[in-house]
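Asker: Quick one: the structure is below, and I'll ask about it shortly.
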Amino acid sequence: MSVKFAQFSDQSIPVDVVSKKNLPPYLEAASDETRNWLKANAFTAKLGQTVLIPGKDGAPARVAAGWGDAKSRIRGRLHMGTVATALPEGEYYLASGLEGEELEEAALAWLLSAYVFNRYKEKSAAKARLAAPDTLNAKRLETLVAGDFLTRDLINTPASDMGPEALEQAFYNLGKAHGAECTAIHAEALLEQNFPMIHAVGRASDQAPRLLDMRWGKLDAPKVTLVGKGVCFDTGGLNIKPGASMGLMKKDMGGAATVMGLAHMIMSLELPIRLRVLVPAVENSISANAFRPQDVLTSRKGLTVEINNTDAEGRLVLADALAYGDEESPDLLICNATLTGAARVALGPDVPPFFTDDDALAAEVAQAAKQCSDPLWRMPFWDPYEATLEPDIADLDNAPTGGFAGSITAALFLRRFVENAQSFVHLDLYGWTPVAKSARSKGGACQSARAILQVIEQRFPK
Ligand code: BES
Ligand code: MN
Ligand code: ZN
């Protein structure tokens, strides 16, 4: 689905955003009727509190929206979504109380709160539409929201309709919409063209494993390559997941969905880069030909990998895709993946960790994350843990024993496959909102795309 700003008209209803601090002057300046009405409705300017103020004819004429105090109102939490979803059908505009980055965040939150996933059942979309504040770049905000919604739709669609074939179709549709070139390497061709680990992980599924490849932009522009984990369902393989852990694994293509949402933003905004998107699309299934614990795989890069847990499959498919992307020495190589449960244990569902050795890039990512209401937090590529990746009989172990620092050891595993890229950043996403929050529906979540977009815009200005 998609959403756009409404057209401003004389029907548009003004929304006054009122902080606790500004409540007294706001009441003072208001008419007696409005003051009495707000009092009767116990308007205290509590964050998210929404009161419709009727006009002479009884129809809504204004809205007072509570904006709380500095303590409750945390930048980046997209609080305005609460107001947008509380309002009845109509067209509104943000008339007072917000400016600059706060206004931008509020408009973004309003649009993001309109998301519904209605592929399988009728669900009414949000009814309160917002006219674009004229100090903002409306087109850009709509593009960010379209990318976010694409990611949510892809994640929310279950594996029965979003297996490797359907993901490939969605990938092609995206490429086609922007005039990008798309190719795919399937099944046995993965072995012929040396992607052994993508093949090994995906070969037990009815839908063949594949590597999706998209290129867009001017040939001589700086090269930015996005790699996204596209495990369309993760049973765990022969090391099968218990039911509760398997319950959410349709979202294990969240990295792929995120890089596709981000690619949509990059191409719509026509950023001056040479974009490449690589998605290993597989299902980690169980069958007689499934890969097994203690198998040793030889990766594209030549490093041998002992499989000590078939549930640590993401790093395997990503390793071959990263090695491939790295071969053309991109200026920036970005990996997005729902890679470890350990990242959730460390930081919870809302704050994905990112890993990079480029301190300047880390600062840019952290700053952009804050500014874009897209929280991310740096974790270290902790070199001393490298030793835990090295088993007896192969170069690498895909599931180090002990299980400490699982998100770091997974990141270190991936780093072994990258050596030519100028800068490399890996993000370990959750890709899911467990409990609906303002502007964030329950279900698939688009994490990191806005922040990474901003980093790319700043690194490679027009
Ligand atoms: N897709 C999972 C990671 C995951 C689990 C992400 C739950 C978000 C929520 C991944 O393939 C996996 O199973 N990782 C294992 C690795 C372990 C076997 C070394 C994990 O994190 O438990
Ligand atoms: Mn797994
Ligand atoms: Zn997985």
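The values are calculated or read from the model by the stated rules, or taken from the named source; none is laboratory data. None of the values given here were measured: they were computed from a predicted structure. Note that each Cβ is placed from the backbone with ideal geometry, even for glycine, and that neighbours are counted across all protein chains shown. Surface accessibility is based on the protein's heavy atoms, side chains included, excluding ligands, DNA and RNA. Shrake-Rupley method; radii C 1.70, N 1.55, O 1.52, S 1.80 Å.
Asker: Given R₀ = 51 Å, what would the calculated FRET efficiency be for ASP57 paired with SER245, taking r from the Cβ atoms and rounding to 0.05?
Answerer: About 0.35, to the nearest 0.05.
Asker: I need the shape label for the range 316-462. Rule: rounded when a/c is under 1.5, else prolate if a/b > b/c, else oblate, with a, b, c from the alpha carbon gyration tensor.
Answerer: Oblate is the answer for the range 316-462, as a/c is 1.5 or above yet b/c matches or exceeds a/b.
Asker: Post the alpha-carbon centroid distance, the range 385-415 to the range 201-231, in whole angstrom.
Answerer: Their Cα centres are 24 Å away from one another.
Asker: Could you tell me what % of all Cα pairs in the range 227-364 have separations over 17 Å?
Answerer: Counting every Cα pair in the range 227-364, those more than 17 Å apart make up 66 percent.
Asker: Let me ask something additional. If you roll a 1.4 Å probe over the chain with all protein chains in place, what percent of the accessible area is carbon or sulfur?
Answerer: Whole-percent figure for carbon plus sulfur exposure: 51.
Asker: How high is the FRET efficiency between TRP377 and ARG75 when r is their beta carbon distance and R₀ equals 22 Å, given to the nearest 0.05?
Answerer: Calculated transfer efficiency: 0.90.
Asker: I'm checking a number: the convex hull volume of the Cα atoms of the range 96-195, normalised per residue, in Å³. What is it?
Answerer: 142 Å³
Asker: Which ³J(HN,Hα) values in Hz, rounded to whole numbers, follow from the phi angles of the range 37-52 under the Karplus curve 6.51 cos²θ - 1.76 cosθ + 1.60, where θ = phi - 60° and Gly and Pro get x?
Answerer: 5, 5, 5, 4, 8, 6, 6, 10, 6, 4, 3, x, 5, 10, 10, 7
Asker: So what is the relative contact order of the chain, in percent, for Cα pairs below 8 Å that sit 6 or more residues apart?
Answerer: Relative contact order here is 16 percent.
Asker: Quote to one decimal, in nm, the extra length available between ALA29 and ALA189 on full extension: 0.36 nm per residue of separation minus the C-alpha distance between them.
Answerer: Roughly 50.4 nm would be gained on extension.
Asker: Among the listed pairs LYS229/LYS462; LYS121/LYS442; LYS4/LYS56, give every one whose C-alpha distance is greater than 20 Å.
Answerer: Check vs 20 Å cut-off fails for LYS229/LYS462; LYS4/LYS56.
Asker: Is it possible to state the helix-based mean residue ellipticity at 222 nm for the chain, with each DSSP H run of 4+ residues giving -39500 (n - 2.57), the sum divided by total residues, to the nearest 500 deg cm²/dmol? What is it?
Answerer: Helix-only estimate at 222 nm: -10000 deg cm²/dmol.
Asker: Still on this model: Efficiency by 1/(1 + (r/R0)^6): what FRET value for ASP359 and ARG140, r their Cβ-Cβ distance, R0 = 30 Å, to the nearest 0.05?
Answerer: In this case the efficiency is close to 0.55.
Asker: For ARG274, list long-range residues whose amide hydrogen, built 1.01 Å from N in the peptide plane, is under 5 Å from its own amide hydrogen.
Answerer: ALA221, LYS223, VAL224
Asker: Taking amide hydrogens as modeled 1.01 Å from N in the peptide plane, which residues meet the under 5 Å criterion relative to ILE53, leaving out close sequence neighbours?
Answerer: ALA61, ARG62, VAL63, ALA64
Asker: Using modelled backbone amide H atoms (1.01 Å from N, in-plane), which distant-in-sequence or interchain residues come within less than 5 Å of PHE233's amide H?
Answerer: ASN284
Asker: How would the range 142-459 be classified by its alpha-carbon gyration tensor: rounded, prolate or oblate, with rounded meaning a/c under 1.5 and the a/b versus b/c comparison settling the rest?
Answerer: rounded
Asker: Something else now. Take the alpha-carbon centre of the range 1-47, take the same for the range 66-99, and report the distance between them in whole Å.
Answerer: 10 Å
Asker: Apply the Karplus curve 6.51 cos²θ - 1.76 cosθ + 1.60, θ = phi - 60°, to the phi angles in the range 231-248 and return the couplings in whole Hz, x for Gly and Pro.
Answerer: Each residue's phi maps through the Karplus curve to give 8, 5, 8, 10, 6, x, x, 4, 7, 4, 6, x, x, 5, 6, 7, x, 10 Hz.
Asker: Let me ask you something else. Would you mind computing the Rg to Rh ratio of the range 13-136 from its alpha-carbon coordinates, Kirkwood style for Rh?
Answerer: For the range 13-136, the value is 0.98.
Asker: Let me ask something additional. If you take every DSSP beta bridge fully contained in the range 142-459, what fraction is antiparallel? Give it as a percent rounded to 5.
Answerer: If we restrict to bridges inside the range 142-459, about 50 percent are antiparallel.
Asker: Ordered by packing density, taken as the mean number of other Cβ atoms within 10 Å over each peptide's residues, highest first, how do 401-408, 307-314 rank?
Answerer: 307-314, 401-408
Asker: Now for a different question. Taking θ = phi - 60°, what integer Hz values does the Karplus form 6.51 cos²θ - 1.76 cosθ + 1.60 yield along the range 73-90, in sequence order, with x for Gly and Pro?
Answerer: Result, rounded to whole Hz: 8, 9, 4, x, 8, 6, 4, 4, x, 4, 5, 4, 7, 7, 7, x, 3, x.
Asker: Suppose all protein chains stay in the model; what accessible area per residue would a 1.4 Å probe give for the chain, in Å²?
Answerer: Heavy-atom accessible area per residue stands at 42 Å².
Asker: Any chance you could look up the accessible area of GLU104 with a 1.4 Å probe, heavy atoms only, rounded to 10 Å²?
Answerer: Counting only protein heavy atoms, the figure is 70 Å².
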